[in-house]
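These notes are about the structure you will find just below.
The values are calculated or read from the model by the stated rules, or taken from the named source; none is laboratory data. None of these values were measured; they are calculated from a predicted model. So basically every Cβ, Gly included, is an ideal-geometry build from the backbone, and we count neighbours across all protein chains shown. When the accessible area is computed, the model is the full protein with side chains, heavy atoms only, and any ligands, DNA or RNA have been set aside. Shrake-Rupley method; radii C 1.70, N 1.55, O 1.52, S 1.80 Å.
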Amino acid sequence: MSIPSSFIDQILDQSDIVDIIGRRVQLNQKGNNFWGICPFHDDTNPSMAVNQDKQFYYCFVCNAKGNAINFLRDFENLDFVDAVESIASAVGLEVPKTHQTVDTTQALNINSRTAKVYEEQLKSSKGKRAIEYLKSRSISGEVAKFFNIGYSLDEWEGLFQILSKEYEKNDLTDSGLFSEKMKDRFRGRLMFPIRNIKGDHIAFGGRIIDEGEPKYLNSPETKTFSKSKELYGLYEARKLNSPLQSLFVVEGYMDVIALHQNGVTNAVASLGTAITGLHISKMMRYCKNIYVAFDGDLAGRKAAWRAVENGLSILREDINISFIFLEEGHDPDSFINEHGKEAFLELANAATSLSQFFIETVKEQADLNTIEGRSVAAKFAAPLVSKINNQPLKEAYIDEVAKVCSLDFAKLINNSSNNYSSAPSNRQEEIKPKSSSKIARKAVLGIFTALIQHPKLASEIIFDDIKKDSKFHFIQPVKDKFQKDPNVIPSIVFESIEKEQIQNVFSEALLSDINLSAEDAKRMIHDCINTISKSEKDREVILKEKYNMQEITSAEKRELQQVILRKENHTEADKNLLRNLSIVSD
Ligand SMILES: [Zn+2]
């Protein structure tokens, strides 16, 4: 799905990156920037700077960087559309419906047509057993209609016969509704269409009516459906409750429907999977109170604990997540049918908070009366507490675990943070600039800093002089943007830079604390351009020396090739050398 760029500009304009990051990572203002512990590498000192004017963040250690959308994508592991949706809902905007890409449109068409077919089949004479089943579960026709509940015929080609007349085979194959041999995936089942947040039918769940396995069956992952991020009933819950104050997360669609039938219209279900971080992040977008209501048996408790593990990294103090454990033998469906709405809502009032559940589980790990038991419990808790990115919350958890285990838990976490860090650390492996190019890097930084503070300098004549020089090509897109519009937002300029290394330097320049006068900025640009020209010459001399001494590595050979190729005039010696380099380097 594409989102109009004007809408993206609007949400970036109406939201505040300091607020968005600050709700997830503790930030302190120092100088022009806010600083926090970077959640993207194993950080101990605040290395991440967030600039409110420029609506931009940058980590000086792992180079994580970008605008609020970039941050959310990495922090909550969201795709672009979900990150935009998340910010939009926080500032009270709806992402506009836009034209789908062609092939998703067709997939959604097929699903929506299928939902209609299933609904018709439920009403037909063949759907009698399904209707009886719904009645036996006390589900009214009105509720069945609201959720578009349907019935899939107990036939191998019940759906295929209809759809094959209307759609291309390729599109039907991609729909997830058929087997490889084009047999109906869902047969003899009560059908629950699954909708995304906009109300499009994206997949189906089916419950068997007669005996048979599996009891519940869902669509496979398709272009339109990813079970780790979709929640059954979220569209319907939002439709009826605006704004949504709270959500109950349950295990199955029948739970959602039974709760709805009994007047609890704000329940959602994960779809045959544990509650993931993406699920939690999605719910956090629309409401502040989340109740996980699972069966009271061991499997239910385990599933609830998975939700804790998956949610720790994105916990926030303004969101309450609690757990309802039903008495053994009950699920939300059977409970509400037996005890009614009020009794169910009572359970919510008495729910166990996530922190309580966490501490209880830590306590259950071992006998806390012994030293050994307390260290077992601490060891269990350490990697989990390390996952929490929200600093005040993390400290509160550390305090609590320390009390339970009677030891200096903070120390344990710090000592073991290398082992336990859950943050992706691959960025750290990024090659740091070589010392020889450090000077050049500083010079590039100088040029960017000067341009960001005095964009009008982009029209300086010196930029014309270096226009054809390929070693300055990286400056061109930046210079062009500033020249065209001196008031352009720096993060838009940032988007025009392709090379990651150059993006990093630009990000650093954005967060610079130096304040330059126009005069100083102009001088800085000239000095830095000279430095780059000169350092390139120095590099050429050093590499040629190494080549002559036969100490040159193959990477350096390629570099030397590039340096020579970038020169405007080539001597005979250069040409010879180029020939030799291309022979030996391949
Ligand atoms: Zn970092």
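Against the definition (open to solvent by 50 Å² or more (accessible area, probe 1.4 Å) and at pLDDT below 95), how does Lys341 come out, yes or no? Quick ask: steps written out before the conclusion?
On the way: open to solvent by 50 Å² or more (accessible area, probe 1.4 Å): yes; at pLDDT below 95: no.
Spelling it out, it is not the case that Lys341 is open to solvent by 50 Å² or more (accessible area, probe 1.4 Å) and at pLDDT below 95.
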With respect to the numbered conditions (1) of a type outside the set (S, T, N, Q); (2) touching a Gly at 6+ places or on another chain (Cβ under 7 Å); (3) under 26 Å from Ile197 (Cβ atoms), which one is the sole condition not fulfilled by Arg73?
(2)
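Yes or no, residue by residue, for (1) surrounded by fewer than 19 Cβ atoms within 10 Å (Cβ to Cβ); (2) of a type in the set (Phe, Trp, Tyr); (3) not in a strand (DSSP E or B):
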site	(1), (2), (3)
Met283	no, no, yes
Leu312	no, no, yes
Ile321	no, no, no
Ser334	yes, no, yes
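To keep it simple, each residue is scored yes or no on (1) over 30 Å from Val91 (Cα atoms); (2) among the charged types (D, E, K, R); (3) modelled with pLDDT of 90 or more; (4) open to solvent by less than 60 Å² (accessible area, probe 1.4 Å).
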{"site": "Phe204", "(1), (2), (3), (4)": "yes, no, yes, yes"}
{"site": "Arg207", "(1), (2), (3), (4)": "yes, yes, yes, yes"}
{"site": "Glu213", "(1), (2), (3), (4)": "yes, yes, no, no"}
{"site": "Leu217", "(1), (2), (3), (4)": "yes, no, yes, yes"}
{"site": "Glu221", "(1), (2), (3), (4)": "yes, yes, yes, no"}
{"site": "Phe225", "(1), (2), (3), (4)": "no, no, yes, yes"}
{"site": "Gly233", "(1), (2), (3), (4)": "no, no, yes, yes"}
{"site": "Lys239", "(1), (2), (3), (4)": "no, yes, yes, no"}
{"site": "Pro243", "(1), (2), (3), (4)": "no, no, no, no"}
Selection from segment 12-29 of residues more than 15 Å from the ligand (Cβ to nearest atom) and of a type in the set (Val, Ile, Thr) yields Ile17, Val18, Ile20
Just to be sure I understand the filter: pairs with C-beta atoms under 9 Å, separated by 6 or more residues or on different chains, first member in segment 329-355 and at positive phi and in the same structural domain as Ala258 (by TED's automatic domain parsing), second member open to solvent by less than 70 Å² (accessible area, probe 1.4 Å) and not small (Gly, Ala, Ser). Which pairs pass?
Gly329/Asp295; Gly329/Asp297; Gly340/Asn262
Does Glu568 fit the bill of being open to solvent by 70 Å² or more (accessible area, probe 1.4 Å) and in contact (Cβ under 8 Å) with a residue 60 or more places away in the chain?
yes
Among the residues that make up segment 77-91, is at least one of them away from the ligand (no atom under 16 Å from the Cβ), at pLDDT 95 or above, of a type outside the set (A, V, I, L, M) and open to solvent by less than 30 Å² (accessible area, probe 1.4 Å)?
no
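Given the options Leu78, Leu72, Leu134, name the one that is part of a loop (DSSP other than H, G, I, E, B) and among the aliphatic types (A, V, I, L, M).
The unique qualifying residue is Leu78.
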Matching residues, segment 145-184, being in a loop (DSSP other than H, G, I, E, B), open to solvent by 50 Å² or more (accessible area, probe 1.4 Å) and among the hydrophobic types (A, V, I, L, M, F, W, C)
Trp156
Within segment 501-522, count every residue that is within 11 Å of Arg441 (Cβ to Cβ) and among the charged types (D, E, K, R).
1
Can you tell me which of (1) farther than 24 Å from Ser179 by Cβ; (2) assigned by TED's automatic domain parsing to the domain that holds Val268 is the one Ile197 doesn't meet?
(2)
Matching residues in segment 1-36 - criterion: being in a loop (DSSP other than H, G, I, E, B), open to solvent by less than 50 Å² (accessible area, probe 1.4 Å) and either at pLDDT below 90 or touching a strand residue (DSSP E or B) at 6+ places or on another chain (Cβ under 7 Å) (or both):
Ile3, Pro4, Ser15, Val25, Leu27
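Does segment 38-52 hold any residues that are within 9 Å of the ligand (Cβ to nearest atom) and in a loop (DSSP other than H, G, I, E, B), and which are they?
We begin by selecting, within segment 38-52, every residue within 9 Å of the ligand (Cβ to nearest atom); these are 38-43, 47-48.
The answer is Cys38, Pro39, Phe40, His41, Asp42, Asp43, Ser47.
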For the structure I just gave you, tell me whether Asn289 is more than 24 Å from Gly206 (Cα to Cα) and open to solvent by 10 Å² or more (accessible area, probe 1.4 Å).
yes
Can you name the number of the only condition in (1) within 23 Å of Cys62 (Cβ to Cβ); (2) crowded, with 18+ Cβ neighbours inside 10 Å that Glu460 fails?
(1)
Is segment 264-272 home to any residue that is at pLDDT below 95 and either part of a loop (DSSP other than H, G, I, E, B) or open to solvent by 10 Å² or more (accessible area, probe 1.4 Å) (or both)?
yes
List pairs: first residue in segment 127-153 and under 20 Å from Asn111 (Cα atoms), second residue basic (Lys, Arg) and surrounded by fewer than 17 Cβ atoms within 10 Å (Cβ to Cβ) anywhere in the structure, Cβ distance under 6 angstrom, at least six positions apart or on different chains.
Leu153/Lys126
Considering only residues of segment 53-64 that are more than 12 Å from Ile21 (Cβ to Cβ) and either assigned to a strand (DSSP E or B) or open to solvent by less than 40 Å² (accessible area, probe 1.4 Å) (or both), which is farthest from the ligand (Cβ to nearest atom)?
Asn63
Leu516 surrounded by 11 or more Cβ atoms within 10 Å (Cβ to Cβ) and assigned to a helix (DSSP H, G or I)
no
Tally up the residues in segment 114-142 that are closer than 17 Å to Phe204 by Cα and surrounded by fewer than 16 Cβ atoms within 10 Å (Cβ to Cβ), please.
2
If only one of Asn67, Asn32 is away from the ligand (no atom under 15 Å from the Cβ) and within 17 Å of Val505 (Cα to Cα), which one is it?
Asn67
